[in-house]
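What follows is one structure encoded as structure tokens, with my remarks underneath.
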Amino acid sequence: MRPTGTLMAALGSLAVIAACQPAAETAEQAEARMASEAAAARTAIEASQARFVVHFNAGQGDSLAAHYTEDGRVMAPNTPVASGRQAIAASMGMMGGATLVLTTESVAANGSLAVERGTYKITLTPPGATAPITDTGKYLVHWHKVGDNWMMVDDIWNSDLPAMPEPPKKN
């Protein structure tokens, strides 16, 4: 039995479609692509972080919040999550007078997603304190590329200092 013209046309179309599909990415190609994406993301993220530090040290809550997506989250130690730009602006804007230094250690990226890992050092005078304190710690930030900008989605950090003991309870 011979294939009919319609069957031959269908088989020919399938062959053309299959030939147009890109070859699967090898592990080496994926690794090279992700390394290139990570390098580009790191450059942009470090530039964004430099602007963030300026806004943070000046206590500019609204400018800080603009570094986050609309539904971004700040997960600071010992406090509830600040979700959304309004909550982020309110929680971070009261840090005026602090001196923050961020150091990016690594950035991993794949497409429009990136994760930054780094360390921080902050010096500030907490409310009611008589002298400034310096804290050091580490952080992770989950970034999304929105248009041409990398924006923070989830920002979490924790201190290297030992936990403060709870004050004794009064009877």
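Since every read-out is calculated from the coordinates, none of them should be taken as a lab result. Because the structure is predicted, anything quoted here is derived from the model rather than measured. Cβ sites come from the backbone with ideal geometry, for glycine too, and all protein chains shown count toward neighbours.
Some notes on this structure:
- Our estimate of slack between ASP71 and SER159, defined as 0.36 nm per intervening residue step minus the Cα-Cα distance, is 29.2 nm.
- If you take the Cα centroid of the stretch 115-140 and the Cα centroid of the stretch 36-96, the two points sit 14 Å apart.
- Nonlocal amide H pairs with ASP154, under 5 Å, H built at 1.01 Å: ARG73, HIS142
- Once exposed loop trypsin sites (Lys or Arg not before Pro) are cut out (DSSP; at most 13 other Cβ, 10 Å), longest piece of the chain: 1-168
- Segment MET34-ASP62, length gained on full extension (0.36 nm per residue, minus Cα span): 6.8 nm
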